[in-house]
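These notes are about the structure you will find just below.
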């Protein structure tokens with residue numbers, strides 16, 4: 001079963017703007033990960049946040065985690081056309097990952 | 001960093017034939033491999049998990065006789081779609097988890113996927 005579930009979103013933004021997407025999950029987690037998938041390609045790991053962390057940064061990425069609300073957000077600042085992709089959150093447990101529905105982001109040059 | 005090679009990247013086959021997809025870990029030992037299926041604009045659905053030298057564990061609703069998984073070595077897992085039908089057309093992605101030190105993504109590395117079209 002899917003543990004991570006994003007609010008279904010299709011974002012279309014102008015280059016330079018920020019993109020925010022959300023993810024909610026149902027069970028307790030040890031960590032939550034975000035992945036990017038370019039059209040017709042595999043997944044690229046972006047960032048992992050542990051359950052005892054509330055916020056994490058990596059370059060233009062900012063991830064927050066609220067375990068009390070069982071939710072996470074991914075913020076991409078100063079978006080670029082190359083950020084056009086689908087973004088998935090995933091939660092792990094029992095040696096497997098469960099993916100959410102994904103957010104499709106289109107950055108218009 | 002850890003690299004997983006998946007081959008072929010796309011394949012078209014006739015209905016009734018079988019297709020084999022390979023997933024190789026190039027620079028680490030993949031103790032566990034995962035196979036996912038993804039429909040257009042949808043998320044990844046886990047099909048099965050395989051550990052080297054053991055039989056694969058299939059998710060509920062996935063036909064093990066239809067989707068044969070072999071994980072005979074620590075660097076190679078294969079998924080064979082037997083007697084393929086048009087409804088098997090999909091995007092298949094493998095993922096490998098190993099013991100390479102320093103992997104910050106909890107050890108999951110993904111292949112680039114295989115687009116299967118059954119005509």
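Only the coordinates and a few stated rules stand behind these numbers; no lab work does. Source: prediction; values computed, not measured. Neighbour counts run over all protein chains shown; Cβ positions are idealised from the backbone, glycine included.
Here is how the numbers come out for the structure above:
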| read-out | value |
| --- | --- |
| Distribution of pairwise C-alpha distances over chain B, 10 Å bins, in % | 15, 48, 31, 6, 0 |
| Proxy reagent accessibility, fewest Cβ within 10 Å first, across B:82, B:32, A:27, A:91 | A:27, B:82, B:32, A:91 |
| Segment A:57-105: relative contact order as a whole-number percent, Cα under 8 Å and 6+ apart | 26 percent |
| nm² value of the averaged projected area, convex hull over the Cα atoms of chain A | 6.5 nm² |
| For segment A:68-83 and segment B:1-78, distance of Cα centres in Å | 29 Å |
| Taking N as its residue count, the alpha carbon Rg of segment B:27-89 over 2.2 N^0.38 Å | 1.15 |
| For chain A: relative contact order, % (alpha-carbon pairs under 8 angstrom, 6 or more apart) | 40 percent |
| Relative contact order for chain B, counting Cα pairs under 8 Å that sit 6 or more residues apart, in percent | 37 percent |
| Computed log₁₀ I(q)/I(0) - Debye formula, equal Cα scatterers, no solvent, the protein assembly as shown, q 0.18 Å⁻¹ | -1.34 |
| Distance in nm between pseudo-label sites at residue B:87 and residue B:42 (7 Å out along the Cβ direction from Cα) | 1.2 nm |
| Stokes-Einstein D in µm²/s, Kirkwood radius over Cα pairs - segment B:1-50 at 25 °C with 0.890 mPa s viscosity | 189 µm²/s |
